[in-house]
Amino acid sequence: MNDLALVGGRALDPAGGIDGRFDLAIKDGRLEVVVARDARSEAAESRIEAIETVDASGWIVVPGLVDLHTHLYEGVSHYGIDADAHCLARGVTTAVDAGSSGAQTFPGFRRYVVERATTRIYAFLNVAVQGMISRLVGELEDIRWGSVPQAVARAREHRDLIVGIKVRLGYQMVGDDPEPAMLLARQAADELGLPVMCHIIDMRHPITWLLPHLGAGDIVTHCFHANEGGIFGPDGRLFPEVRRARQRGVIFDVGHGQGSFSYSVARAALAEDFPPDSVSSDLHSHNVEGPVFDETTTLSKLLHCGMTLSEVVEAATSAPAAAIDRLSEVGTIAVGREADLTALELCPGRWSLPDGAEEEEVVETLVVPRLVVRGGRAIPVEPLARGVTELEVAPG
């Protein structure tokens, strides 16, 4: 007898080659059965026996969503939010904190956030020892806050959780010259054999200065922003260096954020056959009530811009899991794995959703979470984020 079964839904896992009607069963926290529905009558009962059976008809069951860029150090970082309330309850089973903590603040993050959350949490360690604690001063305006030895030592102590090094290169964080901060992050990451995640919005120099410092597995986050330091040149075309960077393995991540995603930039990138490698929210305390709201709303915006459902699911499951070298643990549907699943519904309607560039567009399909399974346990979700409301349709 299984503990839980999800039956009758469409299972979609692009990395695992799954797309069709499948029944899934869970026992002792792990996926026990993944079986395609045969040609029997639609009215026939599932052959899977379980203590609890959930009818997933009309839902799309995907691997538990992996959000590559969040900020979860509530109570210490001014960006921090509660992971279970804003990630797990909105469809994300694995969240990656993007540099909220540094070498001197990470032990508290682990003890008081990671170990207490039901959401699975990994982290990029900020090369600045204090992390991201205040807007009053940029964390590396004074480069003395950056310490390679401390970052390396702390990451080695916590290799189970720390998946890379984070550096923010906007002028607000490092001043007008971002290269000294980048060199610190590069050195720390190289000593650890881990990737660097680079925040690129509001760099005073074109992104072309940065790309020679990046190699396979490194991550450019906020790739579709409309400010200084973006992926497009003065001619409105994608920098050739950006395309070459992807060709050598650099990962380009959405990182929507408060001001780091533009509908127009996203469309222009897709028109040049440059979709994002991963779709993340950059969810934090200043954007949970808009313009981001959550990861699934971010997926809705990328669907609206022209990505396919399969593409956005892959960009929010296996792709970010691979980026943090955890694809053997999360991001796909496979028998024997810990059972992390997200059930989604594509809801038609009219939803006015802002980007991060002070533009709003009417989205006609909203990706809505209906159920989360974390570690084999079914967890209720909130289908709509606060502030996301459907527009009324004019009569006649």
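Taken together, the values in this text are just the output of simple stated rules run on the coordinates, not laboratory data. None of the values given here were measured: they were computed from a predicted structure. Cβ: placed from backbone, ideal geometry, glycine included. Neighbour counts: every protein chain shown.
A few points about this structure:
- Note on Ser264 and Arg244: the extension gain reaches 5.0 nm, defined as 0.36 nm multiplied by sequence separation minus the Cα-Cα distance.
- In range of the label at Glu360: residues from segment 283-300 whose backbone nitrogen is under 15 Å from the point 7 Å along Cα→Cβ: 289-293
- Cα-centre dipole for segment 203-260 with unit charges at Cβ (Lys and Arg positive, Asp and Glu negative), debye to 20: 160 debye
- Against the chain, whose longest principal axis comes from its Cα atoms, helix 179-192 is set at around 60 degrees.
- When the charge dipole of segment 206-347 is built from unit charges on Cβ atoms (+1 for Lys and Arg, -1 for Asp and Glu) and taken about the Cα centre, the candidate among Ser278, Thr297, Leu327 whose Cα reaches farthest toward its positive end is Ser278.
- Each label point was placed 7 Å from the Cα along the Cα-to-Cβ direction; for Glu289 and Arg350 their separation is 2.6 nm.
- Given charges at beta-carbon only (K, R positive; D, E negative), |dipole| of segment 64-323 in Debye: 320 debye
- Among Pro354, Val174, Leu391 the positive-end extreme of the charge dipole of the chain (Cβ point charges): Val174
- Binning the alpha carbon pair distances of the chain at 20 angstrom intervals from zero yields the distribution 29, 57, 13, 0, expressed in whole percent.
- Measuring r between the beta carbons of Thr308 and His213 and using R0 = 30 Å, the FRET efficiency lands at 0.40.
- Modelled label positions at Arg237 and Ile379, each set 7 Å beyond Cα in the direction of Cβ, lie 4.7 nm from each other.
- Inter-label distance, nm, simple model (7 Å from Cα along the C-beta direction), Glu329/Glu390: 3.9 nm
- Within-11-Å neighbourhood charge of Arg30 [Cβ basis; K, R +1; D, E -1]: -3
- Degrees between helix 148-157 axis and first principal axis of the chain (Cα, 0 to 90, nearest 10): 30 degrees
- Once the chain from Glu191 to Arg21 is taken as fully extended at 0.36 nm per residue, the excess over their C-alpha distance is 56.6 nm.
- Helix-only CD estimate at 222 nm, as mean residue ellipticity for the chain, using -39500 (n - 2.57) per DSSP H run (n ≥ 4): -5500 deg cm²/dmol
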